[in-house]
1. Starting from the range 77-94, keep only residues that are at pLDDT 65 or above, then list their pairs with residues that are of a type in the set (Ser, Thr, Tyr) and surrounded by 11 or more Cβ atoms within 10 Å (Cβ to Cβ) whose Cβ atoms are within a distance under 8 Å, requiring at least 6 positions of separation or different chains.
2. Exactly one of these conditions fails for Gly304: (1) surrounded by 14 or more Cβ atoms within 10 Å (Cβ to Cβ); (2) modelled with pLDDT of 85 or more. Give me its number.
3. Looking at (1) at pLDDT 75 or above; (2) over 26 Å from Ile202 (Cβ atoms); (3) under 34 Å from the mean Cα position of the chain (by Cα), which is the only condition Leu112 fails?
4. Considering only the range 34-43, state which residues are under 21 Å from the mean Cα position of the chain (by Cα) and within 7 Å of Ala216 (Cβ to Cβ).
5. Of all residues in the range 265-293 being in a helix (DSSP H, G or I) and in contact (Cβ under 8 Å) with a residue 12 or more places away in the chain, which is surrounded by the most Cβ atoms within 10 Å (Cβ to Cβ)?
6. With respect to Thr111, is the statement that it is surrounded by 14 or more Cβ atoms within 10 Å (Cβ to Cβ) and more than 30 Å from Ala192 (Cα to Cα) true?
7. Among what's in the range 41-72 and is farther than 29 Å from Thr97 by Cβ and surrounded by fewer than 18 Cβ atoms within 10 Å (Cβ to Cβ), pick the residue that is modelled with the lowest pLDDT.
8. Restricting to the range 294-314, name every residue that is among the basic types (Lys, Arg), more than 47 Å from the chain's Cα centre (by Cα) and not in a helix (DSSP H, G or I).
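The values are calculated or read from the model by the stated rules, or taken from the named source; none is laboratory data. Computed from a prediction, not measured in an experiment: that's the story for all the values here. Every residue, glycine as well, gets a Cβ built from its backbone with ideal geometry; the counts of neighbours run over all protein chains shown.
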Amino acid sequence: MQDYTRKIIPLNLQLFAGEKTEEATPRRRQQARSKGQVAKSQEFNSALVLLTGFAALSWFFPFMYSQIVAYTRLMLSTLSREDLTIGAIIALFQQMTVIGAKLLLPLLGTTLIAGMAANYLQVGMMFSTEAISVNLSRINPIEGLKRLFSTRSLVELGKSLFKVTLVGIVVYRIIRDNFDVFPKMLDMDLRASGAFLGGIIIKIGLQSAVLLMILAIIDFKYQQWEFNKSLKMSKEEIKEEYKQTEGNPQIKSKIREKMHRMSMRRIMQEIPKADVVITNPTHFAVALRYDGETMAAPKVVAKGQDNLALKIKEIAKEHGVVTVENKPLAQALYKGTEIGDSVPPELFQAVAEVLAFVYRLKGKIK
């Protein structure tokens, strides 16, 4: 029984370790974005374009209606002439082109801006060549059939049927509310009946677009949730990514240890060349070297605290380097300088007195 438990527990731990329960790291999200993989709802694009288009249509409708009426009058008056020529027909066609541009350009420009705004609101500024690269699996008929009968396809079919139902309800309610007006259109002139039908169409379009926009926002939130779920990582994946970005902790520790040993070796090699070691006496030790021909000021060749300070003093004693106890100066040099730095100007006087004492002690000066 114990052997069986020992076999099962590691297996369960492996299964849990491979389970994708952790939120995606910034690096994982950036990699997905570089491949064009982002949370995006096509429903949001369509709904915003539709809503903006019908809003623009309601805004420009009086202008468009007046232009259509004016052109219709012009065309009828031109066609009623007996002297209808090729030049008149060409002029009529040119005027039709200009009026068509006036009618369509505002709508096309508005919907184009709306489409660009919909993409920007969802994913921001993004350009990826990988999303448009050639992928043979996309034209694989077997993969196409799998996508056609997948769960996602069924969900999309359900959303489409639901949208059609909602739009149908909107159309039914608006026509029902205006049903009594339709028989009266027989007594209306062309301008009044056209304005009435245009108003009905715009009303249906705006109300349908508002409903579709609400559904699109819900769909966008769902796409975000699904996308974040697809990017989730296991604990092992996070550890592996950390190793790739930050390096293996064990290797980094060995590198730091090696660099520390090399640094300590250089320090220990410089101590025998020092002129004096100034101590605290036990907590700090700073080794100084001065050469009047090559140095403008004494330099710190080694320094240490506690155990390293004791080691510096031991090596100094082995090589006959004078050790001088001066607590304030040792602390000031240790805290205010690094190895290789020159002594600060404010400590020149104190260091000079110590060096003078050492030189006298060694008989370097009379």
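1. Listed pairs, sorted by first residue: Leu84/Thr78; Ala88/Thr78; Leu92/Thr78.
2. Against the list (1) surrounded by 14 or more Cβ atoms within 10 Å (Cβ to Cβ); (2) modelled with pLDDT of 85 or more, Gly304 comes up short only on (2).
3. (2)
4. Ser41
5. First, the residues of the range 265-293 that are in a helix (DSSP H, G or I): 265-273.
Remaining after also requiring in contact (Cβ under 8 Å) with a residue 12 or more places away in the chain: 267-268, 270-273.
Details: Ile267: 19, Met268: 13, Glu270: 18, Ile271: 23, Pro272: 14, Lys273: 13.
Filtering first and then ranking leaves Ile271.
6. Numbers: surrounded by 14 or more Cβ atoms within 10 Å (Cβ to Cβ): yes; more than 30 Å from Ala192 (Cα to Cα): no.
Judged against the criteria, Thr111 is not a match.
7. Going through the qualifying residues, I end up with Gln42.
8. Scanning the range 294-314 gives a single hit, Lys299.
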